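A.B. asks: One structure is given below, represented as structure tokens, and several questions about it will come after.
The values are calculated or read from the model by the stated rules, or taken from the named source; none is laboratory data. Predicted, not measured: the structure shown is a model, and the values here were computed from it. Positions of Cβ are generated from backbone atoms using ideal geometry, with glycine treated the same way; all protein chains shown enter the neighbour counts. Heavy atoms of the whole protein, side chains included, go into the accessibility calculation; ligands, DNA and RNA do not. Shrake-Rupley method; radii C 1.70, N 1.55, O 1.52, S 1.80 Å.
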Amino acid sequence: MKAFLVYLAIGIGVIVVQTTVLTLPRFEGVFYDLLIPMAVFARLNLTGARAWALILATGFVMDLFSGGPFGLYMTVYFWIFVGVRGVSKLCDVQGALFRSLLVGVCVLAEHVVFCVFFTVSGDSAPALLCHLGSVLWQVVFGGVSGPALIRGLEMLNRRIKAAWEVGSSNEQDLAIP
């Protein structure tokens, strides 16, 4: 439970940074959704119920903070989670190259879902050709930086597990026989 709260706090911190700092005109179109590597990490490293809860909670908070149509980010993270689950059953996703491709494809899939969602909802559809350069840049940037972010979360996960094991062994040492 403690690990879940740590990842939820990290996710909320990323959401706050994404919706405040990264929406400034200077950063527009440069950064991809930084919760995508967290969704990939959650699927690959957390248990089923905790991973689902983390994905739905971060998607819900992102929907609240983003100002976009409610449910959009929850839907995107859900389908990314399901897609990574399917791919991880078929392929070994532990290599950095494969993770790079996986994050890049997830970033592209997010933009495709955005285009479909806005086209179906009747809002002005974002012209894909006008944004194609920034989308391709975000896919490449996600492919380059995504594996490092996932690796950082995995290192944090190992530290949390090690601290949990040390804490539980200390409690056992203190138990009265």
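A.B. asks: Between Asn45 and Arg158, what is the label-to-label distance in nm when each label sits 7 Å out along the Cα-to-Cβ direction?
C.D. replies: Going by the 7 Å Cα→Cβ label model, 1.0 nm.
A.B. asks: Another one. Among (i) -0.31, -0.47; (ii) -0.53, -0.76; (iii) -0.35, -0.50, find the value of log10 I(q)/I(0) by the Debye sum over Cα atoms at q = 0.09, 0.11 Å⁻¹ that was calculated from the structure presented, and write down its label.
C.D. replies: (iii)
A.B. asks: With a length cut of 18 Å (Cα positions projected on each helix's long axis) and a Kyte-Doolittle mean of at least 1.6, go through the chain and give me the DSSP H helices that pass.
C.D. replies: Both cut-offs are met by 2-20, 96-120.
A.B. asks: Give me the base-10 log of I(q)/I(0) for the stretch 35-93 at each q in 0.19, 0.29 Å⁻¹, Debye formula, one uniform scatterer per Cα, rounded to two decimals.
C.D. replies: Debye curve over Cα of the stretch 35-93, log10 I(q)/I(0) at q = 0.19, 0.29 Å⁻¹: -0.61, -1.17.
A.B. asks: Turning to a different aspect of this structure: Taking the simple approach of a point 7 Å from Cα along Cα-to-Cβ for both Arg151 and Leu97, what is their distance in nm?
C.D. replies: A separation of 1.5 nm, rounded to one decimal place.
A.B. asks: Counting only protein heavy atoms and a 1.4 Å probe, tell me what percentage of the chain's accessible area is made up of carbon and sulfur.
C.D. replies: 70 percent
A.B. asks: Pop a pseudo-label 7 angstrom from the Cα along the beta-carbon direction at both Val113 and Val30 and give the gap in nm to one decimal.
C.D. replies: For the pair Val113/Val30, the computed spacing is 2.6 nm.
A.B. asks: If R₀ is 22 angstrom, what is the calculated FRET efficiency for the pair Leu90 and Val140, using the beta carbon separation as r and rounding to 0.05?
C.D. replies: My answer for the efficiency is 0.35.
A.B. asks: While we're here: Over the stretch 41-110, with the other protein chains present, what is the accessible area per residue in square angstrom, probe 1.4 angstrom?
C.D. replies: 48 Å²
A.B. asks: Can you compute log10 of I(q)/I(0) for the stretch 9-48 with the Debye formula, treating each Cα as one identical point scatterer, at q = 0.25 Å⁻¹?
C.D. replies: Cα-only, vacuum Debye calculation for the stretch 9-48: -0.83.
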